[in-house]
Structure formats: structure tokens, C-alpha cells
Amino acid sequence: MDITSLLSHRTLSMSGSGIRRAFELGAKLKDPINLSIGQPDFPVARAVKDAAIRAINDDRNGYSLSRGIPELTTALATKLQTDVGWSFSGLGDSSADASDLLVTTGTSGALVLIAMAILNPGDEIIFPDPYFVLYPALSTITDAKAVYCDTYPDFRLTAARVEKLITPRTKAVLLNSPGNPGGVVMSERDCAELLDLCKRKNILLISDEIYDEFTYSESRTQRAARSDADKSLKCPSPCRLPGAAAHTLLIRGFGKTYGNTGWRLGYAAGPRKLIEQMIKLQQFSFVCAPTPLQWGVLEAIHADASLQVADYQKRRDLVVSALSTVTDLATPGGAFYAFPKIPDKLGMTGSQFLEAAIAKNVILVNGGTFSQRDTHFRLSYAVPQHKLEAGLEVLTNLLSGR
Ligand code: PMP
């Protein structure tokens, strides 16, 4: 059978992820310094694992509601009410004009559902370049058009940069702060200007906040915390600003924050009319997020990640002090990535630099995996400190042309 002739244009137009390529190259090395992995290196908390195991042993293994188990959706509504100040009154009550939410199969599940809910063929979605690898695929699977917003060299998706790209076909702007691959955190002012632009143009602002807990002290702010009940310092988010509830879709995950990326759990919150459509699409695709694991993350919802974040902040500091002397580096304010430039004097593309690093036993991801240009590389510092230090020594030498 000629399988190729059966394949859709959408499948054929997608190339495999460069992250997977780094993974395959790394598999050939003996004890490599692997700085390519976008996953926390701490174990899942015992209580969270126990809650999932209990759910399995108690036979809570069937489908859940498409929106998620009521215990989890209620807990998330309470959490978001205090954090971003949205009103979730009457969850599931379609007459009420409040915010709503659903539990999804990872943050990726939420992104795919919102793309399917709003994009018709030819519609446009604007996102930053460099971007998380799934973003361009969101338009491929919906026959929409990906509009890349060049954010070099500081990786901020500012209103001024976005405004030039808006057309009558623009349906959404996709913001990711703290960002992958740059780790850059938008300021409160950046968020306010972007939200204001989206409101004026009747465009949905999608805020992918998968790394929100991984925000370092200097990038957190208090002013935006709207609730008296929650005065803690937060990552700036457009979702906390006045009027945001009607114009933004907030997407967050559990995998990065609690170290269980393989559980495939995330959530999306936004205007009820939008969430209803996402739930409908979930019914006919993913059906629901894994039920016993929803019970597991319910246990994690109030967990305090501050010790891990402080630890990552120290590693971030190591990365910045080692690399900023030898190349241009936008300081990461969050997540656990850095996206340094390959100095022009080396005359190397990201892919060539990746090969050079692999020859020295260090695995990275080349910038072209996340961008229309291949001039940078991504390193993840979610690795033990001794590995990071060894990797930084190799990279500092390579970047200095030694
Ligand atoms: N958004 C961003 C910015 C990411 O970096 C990732 C994962 N690396 C995702 C979404 C998808 O996360 P999940 O594993 O929850 O689907």
C-alpha cells in the first residue's frame, strides 16, 4: 500500500521536533551532559503520588466529566478567583456570564482545543518568534495562518511589535511568559499594553502561563495581585488586569510545576462561551483528562514550590554569569531555559553549534527548532548543579572560539 499518498498535507508539512533530534543524538553518547530537556529534575511529591495511587486502588478509573472532576475544577476556580480575581460563580451554568474553566490533557491539550475552537481556514494567530514548538502546529492542524512576531533580541511580545501584524483575519495573540525558549518575563506594563491592543481590536489574548510558578524574585510583582486574600508576589500576567476576564484565555499546567509532565494535565480558564466550545471539542477528541491523575494533582494544588524555584534561580544566576561575558543573552526571569546567541565571529548556525557541543559531550537544542532563524541555542538548566557547571565550562569555551 502506498501510505504516503494517503497522508494529509497537514501531516506532510510538519517536520519532527528538533527536541526529539537532540534526544536521539544524545542517546548515542555515553554519560552526556544533557542540557536539552525541558522538564524539572525534582521528584513528584509523595503526597501527590499517593493521592493518584489511592484513586486507582479505590477504582476511580473511569471517565470523568469532560471539564474535569468537580473537586478539581472547584479547587481551581477558588485558586484563580484569589489569584487573578475572576468570578467563577455557577460553574457549568451556561446562563451566567462569568468565567469558566476545564481540565485538559496537558497544556498542549488546552492549546489544541482553543485553536480548534476559534480558527477557521485562513484565520491568523500571532505568536512570538522564538516560540514553543507547538505554536506553529496549531495553525497547521486548523489550516489557519501562523503569524510570527519577531521578538529578537529581548524576546518580549510587545504591543508595538504585535500591532503591525494585525489584519482583519487575526483571531488571537498567543503570549508565553515566562517564555520558552528565552525564559523572558513580560513586565506588567507590557502585559497591560498587549491586553489593551487586543481589546481594541476584538482579538483574543491567549496567555500560556505554564511556567508561572517558575518566576524569579526580581521579575515578580505585587501590584497586579488583585485580591486581598493573595498578596504574594506573582509573575506579571495580563489575566490580572481590569477587564481581562472577558478578553483572555489563561492556560496553565501541572507538569512543570509539580514535576509530572508525563501525567498530561493542564487547565484553561476564560469566558464561558469559549470554554463551553472547548469542552464540546474535548468530548469529541481527548474525552477527558486522566481521571486518577486528576485526583493526584488535586493534592498538589496548594503545594509550595518556592524551595525549588529558589534553587532554579541560583542555577539561572550561574548560567547568566558564565554566558553573558562571552555572548549576548537576554536575562531569563523565569522558566528554566536560556537562549544565548551564537557570536557572529564564530560563523556558525545553531545546528552547527549543536554538533560542536555534541562533539564535547554536551546536548543542547538549536535555535532553529524554536524560530525561523537558526542563530541561537536553547539550554535547559533543570539539571543537577555539577552537570550544569561542567556544561557551562564547555559552552564558555566554545562560545569564545576556544
Ligand atoms: N507551552 C509551553 C511554553 C511549553 O514550554 C510546553 C512544554 N514544554 C507546553 C506548553 C506544553 O506542556 P504540556 O506538557 O503541559 O503539554
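The values are calculated or read from the model by the stated rules, or taken from the named source; none is laboratory data. Treat the numbers as computed from the prediction; the structure is a model and nothing was measured. Here the Cβ is made from the backbone with ideal geometry for all residues, glycine too, and neighbour counts use every protein chain on show. Heads up: the accessible areas ignore ligands, DNA and RNA and are worked out on the full protein's heavy atoms, side chains in. Shrake-Rupley method; radii C 1.70, N 1.55, O 1.52, S 1.80 Å.
Of note:
- Any pair with Cβ under 7 angstrom, 6 or more apart, that starts in segment 24-52 at a residue that is under 19 Å from residue 338 (Cβ atoms) and open to solvent by 50 Å² or more (accessible area, probe 1.4 Å) and ends at one that is within 16 Å of the ligand (Cβ to nearest atom) and part of a strand (DSSP E or B): 37/380
- Restricting attention to segment 1-55, the residues that are touching a strand residue (DSSP E or B) at 6+ places or on another chain (Cβ under 6 Å), more than 16 Å from the ligand (Cβ to nearest atom) and assigned to a helix (DSSP H, G or I) add up to 1.
Listed here are the residues, each with its yes/no results for (1) surrounded by fewer than 21 Cβ atoms within 10 Å (Cβ to Cβ); (2) among the aromatic types (Phe, Trp, Tyr); (3) in contact with a strand residue (DSSP E or B) (Cβ under 7 Å, 6 or more places away or on another chain); (4) in a loop (DSSP other than H, G, I, E, B).
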| site | (1), (2), (3), (4) |
| --- | --- |
| 282 | no, no, yes, no |
| 285 | yes, no, no, yes |
| 288 | no, no, no, yes |
| 292 | no, no, no, no |
| 297 | no, no, no, no |
| 304 | yes, no, no, yes |
| 307 | yes, no, no, no |
| 311 | yes, no, no, no |
| 320 | yes, no, no, no |
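- Residue in segment 357-389 that is nearest to the chain's Cα centre (by Cα), counting only those that are in a helix (DSSP H, G or I) and surrounded by fewer than 16 Cβ atoms within 10 Å (Cβ to Cβ): 385
- Hey, residue 83 within 24 Å of residue 48 (Cβ to Cβ), in contact with a helix residue (DSSP H, G or I) (Cβ under 8 Å, 6 or more places away or on another chain), outside any loop (DSSP other than H, G, I, E, B) and away from the ligand (no atom under 15 Å from the Cβ) or not: yes
- Subset of segment 179-200 (residues that are in contact with a Gly (Cβ under 8 Å, 6 or more places away or on another chain) and under 22 Å from residue 168 (Cα atoms)): 195, 199
- Matching residues in segment 355-382 - criterion: being within 13 Å of residue 29 (Cβ to Cβ) and of a type outside the set (Lys, Arg): 355, 357, 358, 359, 361, 362, 363, 364
- Residue count for segment 268-311 satisfying the condition of being modelled with pLDDT of 95 or more and touching a Phe, Trp or Tyr at 6+ places or on another chain (Cβ under 8 Å): 8.
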